[in-house]
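**Q** Got a structure for you, questions after.
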Amino acid sequence: MADQIQHAHDHEAADKHVKADKIEILITVLLGLTTILGAFAAYCAALWGGEMQSNYTKSVTMTNHANTAYLEALNDLSAFGMLDLKDDLIYSEWKRSLEKGDAVDAQYFFTKLSEGLQKDLADNPADVSEYEKEQLAALDSIQAGFKESDQLYDEAEALMQKGNTANKYGDDFTLSTVMFTIVLFFLGIASLKTKDSLRKIYVMFACAVMALSLLRMFTIPFPFLQ
């Protein structure tokens with residue numbers, strides 16, 4: 001009878017030992033898997049962080065180019081306005097001098113006009129079409145400068161948006177890394193020599209958090225696939 005009782009105790013102890021070994025193996029496997037996944041999530045977060053920084057830098061550079069193009073076009077527009085106003089005033093004085101028959105003043109004012117206007121007036125005082133073409137060409141050039149500036153601003157804004165998106169994805173992967181760290185915490189407690197029932201609870205918590213982490217991580221675009 002005593003032998004039977006001892007045999008039953010030995011069998012029960014062996015079963016407990018086998019179950020404990022299985023839990024230990026499960027914990028070990030989960031620890032390794034979680035460590036790899038956590039490192040992978042941190043790596044993706046770092047890649048997205050680099051993408052964010054790159055896009056932000058490009059956006060700032062593009063904005064500087066846009067500012068330069070805008071200021072140049074604005075400067076050209078101001079110079080064009082001043083030159084046009086100067087030609088209008090001098091042209092009026094030239095006409096008045098001609099009407100008064102003052103050839104000296106007329107010649108003086110004529111030399112102060114723009115070269116294109118001088119050429120038109122020298123060929124035919126009643127026809128300034130070439131000068132007007134030059135004026136329109138100058139305005140077109142200024143307008144092209146403003147258009148280029150707008151395009152550069154749009155590109156800078158697009159790069160900024162890409163940087164913001166990369167920043168969000170990087171934050172999401174960082175959160176996944178934190179969640180995997182929580183999994184490691186539960187598995188670390190489960191690996192302690194505590195009651196099997198508590199160890200199972202810790203492992204269940206770890207598996208639940210790991211499942212949530214995996215679901216969240218695989219909804220985020222991977223940087224190397226973009």
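What follows is calculated from the coordinates using simple rules that are stated; it is not laboratory data. Computed from a predicted model, the values in this text were never measured in an experiment. Positions of Cβ are generated from backbone atoms using ideal geometry, with glycine treated the same way; all protein chains shown enter the neighbour counts.
**Q** Peptides 44-50, 97-103: what's the order by average Cβ count within 10 Å, highest mean first? Present the calculation step by step, with values, prior to reporting the outcome.
**A** Values: 44-50: 18.9, 97-103: 12.1.
So the order, starting with the most tightly packed, is 44-50, 97-103.
**Q** How many percent of the alpha carbon pairs in segment 32-133 exceed a separation of 22 Å?
**A** Working: 3105 of 5151 pairs.
Within segment 32-133, distances greater than 22 Å cover 60 percent of Cα pairs.
**Q** Taking the Cα atoms of the chain, what is the range of coordinates along each of the three principal axes, in descending order and whole Å?
**A** Cα extents, longest axis first: 147, 22, 17 Å.
**Q** Another question about this same structure. For all pairs of alpha-carbon atoms in segment 107-226, what percent lies in each bin of width 10 Å, listed from the first bin to the last filled one?
**A** 11, 19, 13, 11, 9, 8, 8, 7, 6, 5, 2, 0
**Q** Given the C-alpha centroids of segment 29-48 and segment 108-160, what is the distance between them in whole angstrom?
**A** So the two Cα centres are separated by 61 Å.
**Q** May I ask you to order 136-142, 186-192 by the average number of other C-beta atoms within 10 Å around their residues, highest value first?
**A** Working: 136-142: 13.3, 186-192: 18.1.
So the order, starting with the most tightly packed, is 186-192, 136-142.
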